[in-house]
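Remarks on the structure that follows.
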Amino acid sequence: MLARVKKNDTVMVIAGKERGKIGKVLRVLPKEDRAIVERLNIVKRHLKPRGPQNPGGIIEKEAPLHLSNIMPMCEKCNAPVRVGVRRLDDGSKARFCRRCGELLDK
């Protein structure tokens, strides 16, 4: 099966408190149906000190977003798009933009 969202994709958040914002996918968690997007959905975590190298404190990090709340951006359309899967001439599968037909996988 081919994933709708992959690492390094540019995505737009379509629901939730970060709605309308655009970011790059840092990591996809397929078992949880979630993705971590760069500089979006920031949460604060309290870190206990673990010696002189790791002093602890309050750190900010990205929390995962559900895949249903993000849509890949098409470079040609410059808009969030639905993704289709097309079989190429060499037999491999590739994702494409349902709006303009442009391939998303380079």
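Computed from the coordinates by the stated procedures, all read-outs in this text should not be read as laboratory data. What you see is a predicted model; the values in this text were computed from it and never measured. Cβ sites come from the backbone with ideal geometry, for glycine too, and all protein chains shown count toward neighbours.
Assorted remarks:
- Mean projected area of the Cα convex hull of the chain, taken over all directions, amounts to 8.8 nm².
- Under the Karplus curve 6.51 cos²θ - 1.76 cosθ + 1.60, θ = phi - 60°, whole-Hz ³J(HN,Hα) for segment 82-92, x wherever Gly or Pro sits: 7, 10, x, 10, 10, 8, 7, 4, 7, x, 7
- Extension gain, Arg19 back to His66 (0.36 nm per residue minus Cα-Cα distance, nm): 15.7 nm
- Amide H contacts of Arg34: Leu29, Leu67, each under 5 Å away and 5 or more positions distant or on a separate chain (H built 1.01 Å from N in the peptide plane; Pro and chain starts excluded).
- Cβ distances below 4.7 Å define possible disulfide partners, and in the chain the cysteines left without one are Cys100.
- Amide H to amide H, with H built 1.01 Å from N, Asp105 comes under 5 Å of Arg95, counting only residues 5 or more places away or on other chains.
- Gain upon complete extension [Lys44, Glu32; 0.36 nm per residue less C-alpha separation]: 2.2 nm
- Fewest-first ranking of Ile42, Ile70, using other Cβ atoms within 10 Å as the exposure measure: Ile42, Ile70
- ³J(HN,Hα), Karplus 6.51/-1.76/1.60, whole Hz, each residue of segment 56-61, x for Gly, Pro: x, x, 9, 10, 10, 9
- Long-range amide H partners of Ile14 with built H, under 5 Å: Gly20, Ile70, Met71
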